[in-house]
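The next block holds one structure in the form of structure tokens; read it before the comments.
The values are calculated or read from the model by the stated rules, or taken from the named source; none is laboratory data. Predicted, not measured: the structure shown is a model, and the values here were computed from it. Here the Cβ positions follow ideal geometry from the backbone for every residue, glycine too, while neighbour counts run over all protein chains shown. Keep in mind that these areas ignore ligands, DNA and RNA; they rest on the heavy atoms of the full protein, side chains included. Shrake-Rupley method; radii C 1.70, N 1.55, O 1.52, S 1.80 Å.
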Amino acid sequence: MTPNTTTESEYHAARATLYCAAAAVFTYPTNDTVRELLDPEAREGIERAAERLTVADEATALLEAFEETPVADLESAYNELFGLPSDDGTYAVIPYEAHYTTRDEISSEQRRIATVVGLMEEFGLEPSDDFAERQDHVAAELELAQVLAGQRAVALESGEPVAAERVEKAEATVLADHLVEFVPALAHDLRRATDEDAYVAAANLVEALVSYDNGKHPDPTVSADAANGGEAP
């Protein structure tokens with residue numbers, strides 16, 4: 001193993017760390033979730049990874065906001081944003097990719113979701129029993145990005161360039177055909193819908209992370225919809 005390979009492996013491990021944190025803050029906030037996020041060792045790892053990926057300011061703001069916000073306030077804000085409809089039946093923010101990418105076309109929505117499910121199955125990611133959301137939920141897709149980054153780090157650390165290249169291609173698809181297609185718009189809606197510092201910070205971090213990471217990856221060779229026999233909406 002060369003030093004360069006080791007450095008590259010550590011870089012992708014840092015990516016996995018940040019995607020893990022981003023996914024966590026888009027799940028329902030609990031005492032356990034917040035405690036794990038702010039655990040001193042975890043926090044140090046997030047801050048170190050954020051510096052490496054040039055999103056240190058966003059990560060620091062997120063950690064500080066979650067530290068200063070009572071869990072009960074986080075729960076209330078999460079419900080108002082994602083969990084409870086307003087009097088007219090609409091939601092403040094809809095955290096699903098298909099809402100932003102399919103223009104309410106059922107067949108396109110189904111293809112989008114099926115593509116994400118296929119990627120999750122291919123790389124061994126299964127939603128936990130207590131995750132009751134669709135697979136195109138932002139937290140699920142961020143966790144998929146975490147798993148891929150982690151697998152790429154392991155492949156490089158183990159000296160398996162073919163496996164690393166396979167994961168890189170999948171990452172390019174997840175970023176260009178999924179995350180970049182809706183995360184910036186979701187972040188915009190989130191900032192407009194709330195003045196809760198923790199979720200404004202979450203929006204800023206996830207947008208910065210996805211935008212940065214997409215710029216570091218090549219374009220996917222085949223788009224997600226084309227691979228499923230359809231056309232991009």
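Observations, loosely collected:
- Check on Glu80, part of a helix (DSSP H, G or I), at pLDDT 95 or above and not polar (S, T, N, Q): no
- Selection count, segment 107-147, where residues are surrounded by 14 or more Cβ atoms within 10 Å (Cβ to Cβ) and either part of a loop (DSSP other than H, G, I, E, B) or in contact with a strand residue (DSSP E or B) (Cβ under 7 Å, 6 or more places away or on another chain) (or both): 9
- For segment 30-56, a residue qualifies if it is open to solvent by less than 10 Å² (accessible area, probe 1.4 Å) and either modelled with pLDDT under 95 or assigned to a helix (DSSP H, G or I) (or both), and the qualifying residues are Ala49, Ala50.
- Residues of segment 58-83 that are within 18 Å of the chain's Cα centre (by Cα) and open to solvent by 30 Å² or more (accessible area, probe 1.4 Å): Glu58, Thr60, Ala61.
- Glu75, sole failed condition from (1) in a loop (DSSP other than H, G, I, E, B); (2) at pLDDT 90 or above: (1)
- Qualifying residue in segment 187-201 (condition: of a type in the set (Ser, Thr, Tyr), over 20 Å from Leu18 (Cβ atoms), open to solvent by 40 Å² or more (accessible area, probe 1.4 Å) and out of contact with any strand residue (DSSP E or B) (no Cβ under 7 Å at 6 or more places or on another chain)): no
- Every residue from segment 174-194 that is out of contact with any Ser or Thr (no Cβ under 7 Å at 6 or more places or on another chain) and either outside any helix (DSSP H, G or I) or of a type in the set (D, E, K, R) (or both): Asp189, Arg191, Arg192, Thr194
- Single unsatisfied condition, Glu171 versus (1) open to solvent by 30 Å² or more (accessible area, probe 1.4 Å); (2) on the phi < 0 side of the Ramachandran plot: (1)
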